[in-house]
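Visitor: Pasting in a structure now, in structure tokens, and then I'll have a few things to ask.
The values are calculated or read from the model by the stated rules, or taken from the named source; none is laboratory data. Predicted, not measured: the structure shown is a model, and the values here were computed from it. With ideal geometry, Cβ positions are generated from the backbone for all residues, glycine too; neighbour counts draw on all protein chains shown.
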């Protein structure tokens, strides 16, 4: 191989450093994504909920009757 | 073996950079899709709970029979002109001779509805209970037929949970207010009613009378 046509070691070093930077930045970006999901959930708008209570009063006065018995047998 | 050239190394490094960037891109796109699924569900979630409660007035007589049994006045203890008093919540008096087991018990009334109730008491025979006997003739003594509310240990219709008429009152043939604001709370929703018979000289045979309790929702 003709060494005169080869690129310099400095160029290779720069590319190596660039490779490391890209790798590190990419890894950091991916690892930071779950945190983004978590924050998204925290900052999401409040989910609306509704509780309804209906107490139905009778339209006419309601009555309840119970009957008991009082008994005695007088022998004489 | 010849050493690889710097150009070859540089080419491999460029390939490594491209692979790293492409991997990062695809990984980010995948995570982004997951993010969209989660965040898309949050703001529109809606929950509805509906509860319908129907107001119900209902009372139950847990003990619906006050039975004084069979017996007669003890003439050696009580004078003809006096009455022998029998009370449903009391022990057998000496003026009464029972031919069987003497074990009358009070009426026991419970509010098993879900609203406060006013309870009245009524009887068709008014004060003269002995008009229901086989022989109704009164020879001597003053017959009487009375009721009185009696608070249980739970306190139902007591001082803290309503107003109970605990005074002795005659049956009049009309509804009389017995308990005001009887609670529907299971722990304080019941009370007793004591029945008292003043047995004169004369009446005999089987005597029966119905006592009617009526509840209405208190305001």
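Visitor: Could you say whether any residue in region A:21-32 is at pLDDT below 80, under 28 Å from the mean Cα position of the chain (by Cα), in a helix (DSSP H, G or I) and surrounded by 12 or more Cβ atoms within 10 Å (Cβ to Cβ)?
Guide: First, pick out the residues of region A:21-32 that are at pLDDT below 80: A:30-32.
If we keep only those that are under 28 Å from the mean Cα position of the chain (by Cα) too, we end up with A:30-32.
In the following step, the residues that additionally are in a helix (DSSP H, G or I) were identified as A:30-32.
Among the residues that remain, those that are also surrounded by 12 or more Cβ atoms within 10 Å (Cβ to Cβ) are: A:30.
Yes: one or more hits.
Visitor: Still on this structure, please answer the following. Looking at (1) touching a residue at least 24 places away in the same chain (Cβ under 8 Å); (2) more than 30 Å from residue B:72 (Cβ to Cβ); (3) assigned to a loop (DSSP other than H, G, I, E, B); (4) more than 11 Å from chain A (Cβ to nearest Cβ), which is the one condition that is false for residue B:159?
Guide: Checking residue B:159 against (1) touching a residue at least 24 places away in the same chain (Cβ under 8 Å); (2) more than 30 Å from residue B:72 (Cβ to Cβ); (3) assigned to a loop (DSSP other than H, G, I, E, B); (4) more than 11 Å from chain A (Cβ to nearest Cβ), the one that fails is (1).
Visitor: Taking the conditions exactly as written (part of a helix (DSSP H, G or I) and either facing chain B (nearest Cβ under 7 Å) or modelled with pLDDT under 70 (or both)), does residue A:58 satisfy them or not?
Guide: no
Visitor: While we're on this one: Sort out which residues of region B:162-217 are closer than 20 Å to residue A:62 by Cα, more than 11 Å from chain A (Cβ to nearest Cβ) and in a loop (DSSP other than H, G, I, E, B), and write them in order of number.
Guide: Selection gives B:162, B:174, B:183, B:184, B:185, B:189.
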